[in-house]
Amino acid sequence: MGKITVETCKIEGLKVITPTVFGDARGYFMETYQYEDFKTAGIDVVFVQDNQSASKKGVLRGLHFQINHPQDKLVRVIKGEVYDVAVDLRKESPTFGQWYGVLLSEENKKQFFIPKGFAHGFLVLSDYAEFCYKCSDFYHPNDEGGLAYNDPDIGVDWPIPEEMELIMSDKDKMWGGIKEYKENHL
């Protein structure tokens, strides 16, 4: 159909995709992924796994990456609203250690393409959210890496309201910062 709009981001490789939505009195229709459209937009990736998670307000997942089996990801929200973040971990990148965030919601229907070499995470802003994503490599549980969501050297400006209580996994509370990443992986 050729019905997507692609916005490049301040960090090379990241892209925000907005599909064309065809709506009428019955509801709506949209293509969430069409290989040729994405290839034309510079996203020539074969996805091998689809994942979905459900989370309640205040859940912060991330910032995650796989060390030896990096993944391209195409993420979107089908219910609720999240603030989605990618951090550049590409060794030779001029934007190494910089982050970019985008609001994804069931209303705006935007998708975020995150290429290999980035850490990824999100914060749930709505009472409930369902998050879907495609990956270009399989999940390898012994290959996980992560960064502290609040590392001051990265400086992600998470939109955390004062009254919000963050809910994180024990593992996500233990990740180190970008300095530790450089020491251990570069």
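The values are calculated or read from the model by the stated rules, or taken from the named source; none is laboratory data. The structure presented is a predicted model; accordingly, all values stated were derived computationally and were not measured. Quick reminder, even Gly has a Cβ in these numbers, built from the backbone with ideal geometry, and neighbours come from all protein chains shown. Protein only, heavy atoms only, side chains kept; ligands, DNA and RNA dropped before computing areas. Shrake-Rupley method; radii C 1.70, N 1.55, O 1.52, S 1.80 Å.
Values computed for the structure shown
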item: Entries of K15/K182; K15/K57; K79/K134; K56/K79; K15/K110; K57/K79 with Cα pairs more than 19 Å apart; result: K15/K182; K15/K57
item: Integer Hz, Karplus 6.51/-1.76/1.60 couplings in order for the stretch 151-164, x for Gly and Pro; result: 4, x, 6, 8, x, 4, 8, 5, x, 9, x, 3, 7, 6
item: Surface accessible to a 1.4 Å probe, per residue, for the residues of the stretch 1-84, Å²; result: 55 Å²
item: Additional length obtainable on full extension of the chain from N184 to M164, 0.36 nm per residue less Cα span; result: 3.9 nm
item: Gyration tensor (Cα) of the stretch 25-69, equivalent ellipsoid semi-axes in angstrom; result: 26, 23, 9
item: Dipole axis of the chain (+1 Lys, Arg; -1 Asp, Glu on Cβ), positive-most option in T95, L60, I114; result: I114
item: Point-charge dipole on Cβ atoms (K/R +1, D/E -1) for the stretch 1-125, about Cα centre, debye to 20; result: 340 debye
item: For the chain: Kirkwood Rh in Å [reciprocal of mean 1/r, alpha carbons]; result: 17.0 Å
item: K39 paired with D157, simple spin-label distance in nm, labels 7 Å along Cα-to-beta-carbon; result: 3.9 nm
item: D_trans [Stokes-Einstein, Kirkwood Rh over alpha-carbon pairs] for the stretch 33-140, 4 °C, 1.567 mPa s, µm² s⁻¹; result: 91 µm²/s
item: Cα-centre dipole for the stretch 30-100 with unit charges at Cβ (Lys and Arg positive, Asp and Glu negative), debye to 20; result: 440 debye
item: Dipole axis of the stretch 146-186 (+1 Lys, Arg; -1 Asp, Glu on Cβ), positive-most option in G155, M168, Y181; result: Y181
item: Phi to ³J(HN,Hα) by Karplus 6.51 cos²θ - 1.76 cosθ + 1.60 over the stretch 172-177, Hz, x for Gly, Pro; result: 5, 6, 9, 5, x, x
item: For the stretch 98-103, 3J(HN,Hα) per residue [Karplus equation, 6.51 cos²θ - 1.76 cosθ + 1.60, θ = phi - 60°, Hz, x = Gly/Pro]; result: 8, 10, 9, x, 8, 7
item: Label-to-label distance, nm, for residues given as Q52 and K173 (7 Å Cα→Cβ offset); result: 3.0 nm
item: Accessible surface of the chain, 1.4 Å probe, proportion on carbon and sulfur as whole %; result: 48 percent
item: In nm, spacing of pseudo-spin labels at E144 and E106 (7 Å Cα→C-beta vector); result: 2.8 nm
item: Convex hull of the stretch 96-186 built on C-alpha atoms - directionally averaged projected area, nm²; result: 7.2 nm²
